[in-house]
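Taken together, the values in this text are just the output of simple stated rules run on the coordinates, not laboratory data. All values reported here derive from a predicted model rather than from experimental measurement. Glycine also receives a Cβ, built like all others from the backbone with ideal geometry; neighbour counts cover every protein chain displayed.
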Amino acid sequence: MSDDRTVTFKLNGKRPDDFTIERLAQYLSALGDLVSSPGKVRVKKLTPGSVKVELAVERDHYPKFVERLTVAKNPARAPATLRKVVADLEEMVTADNVTAEVTAGRTKLLFLHGYVRATGPVVGPVIQRHAIRGQVIGLEGKDATKHVRIAEYGTGREVRGEFRDADLAGQLTKHLWKDVVELTGTARMLRHPDGTWEMKAFRVDGVEELQSVSPSQVVQALRQAFAGVDMGSDPVGDAKKIRG
C-alpha cells in the first residue's frame, strides 16, 4: 500500500554471491522472527547486487514495529524469545564476518556488529601453586601414578588430579564421598586470548579437611577474637581520619 513505511534490512561487507542459498534463507527466517509481525510486514523489494531487503510495514503498525526493535537493543528489557533471535543473528554475522542493520530512511533502528573475536597468543603453560575445594568422588590408578576426581565446590565441575604419594592415597580414601576438602598442589595452566585460564594438569601433594561452620558461628568467633580489643567509641570515624 502507498502509505506503508519502508524499512530496510541490510548485510554489510559481502555480496549475495558470497552466500549459499541456504544461508540467505536462514537470514530471512531470522529476520521474520525479529520483526514478528504476522500480516503487518511484507517484502517490498530485493535490491540486486547487495544483500538488502526492503520491507513494507503497515503505517498503523509501525510504532509497535519500532518499539520491538528498540527493545531488542536492550537485553534487560527484551523478552527471552527476542533475546534469542538477536543472539542468533549476532552469531550469524560473526561467523560470516559481516554486520547487519535495520534502517528506516536515515534512522538506524538496529545495528548488529557481531561478537568480538578474541585475538592474541595463548600464554603458557604456566606452572604455579593451585588449590581446589570440593568433594572427592573417585580414586583410580594401578601403577605408581594415581588419579583423584573431585567435584568442585560451588560449580559441581569435575576436576582431575594426579599424585604418587601412598600416604596421600590413604588420606584421600578417608574423604571419599564425604565432606568438602581442599586439595593443594602444582598446576600447569594456559591463558587464552579472551583472558580465561585452562588447567591442563594438576599434581596433588596435599589435602586439608575443612570445617563446616555456619555464618553465625563465624560471627561468634570474630566477636570472641575482638572481645578484649579496645576499638574506641567510634572505630569507623577513626579509620576515616587515618585515611584522610
**Complete:** Taking only Cα atoms of region 5-112, the Rg to Rh ratio with Kirkwood Rh works out at 0.93
**Request:** Quickly rank 205-211, 181-187 as a protection proxy: mean count of other C-beta atoms within 10 Å, highest first.
**Result:** 181-187, 205-211
**Asked** Once both labels are modelled 7 Å past Cα along the beta-carbon direction, what's the Q171-L24 spacing in nm?
**Response** 6.7
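For V219 and T81 in one chain, what is 0.36 nm times their gap in residues minus the Cα-Cα distance, to one decimal in nm? Kindly include the intermediate steps, with their values, before the conclusion.
Details: separation 138, 0.36 × 138 = 49.68 nm, distance 4.49 nm.
Between V219 and T81, full extension yields an extra 45.2 nm.
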**Message:** Taking 0.36 nm per residue of sequence separation and subtracting the Cα-Cα distance, how much length would be gained by fully extending the chain between E158 and T184, in nm to one decimal?
**Reply:** 7.8 nm
**Prompt:** Measuring from label point to label point, each 7 Å out along Cα→Cβ, what is the D143 to E209 span in nm?
**Reply:** 3.3
**Message:** Taking Rg/Rh (Cα atoms, Kirkwood Rh) straight from the coordinates, which label in (i) 1.01; (ii) 1.22; (iii) 0.97 is the correct one?
**Reply:** (ii)
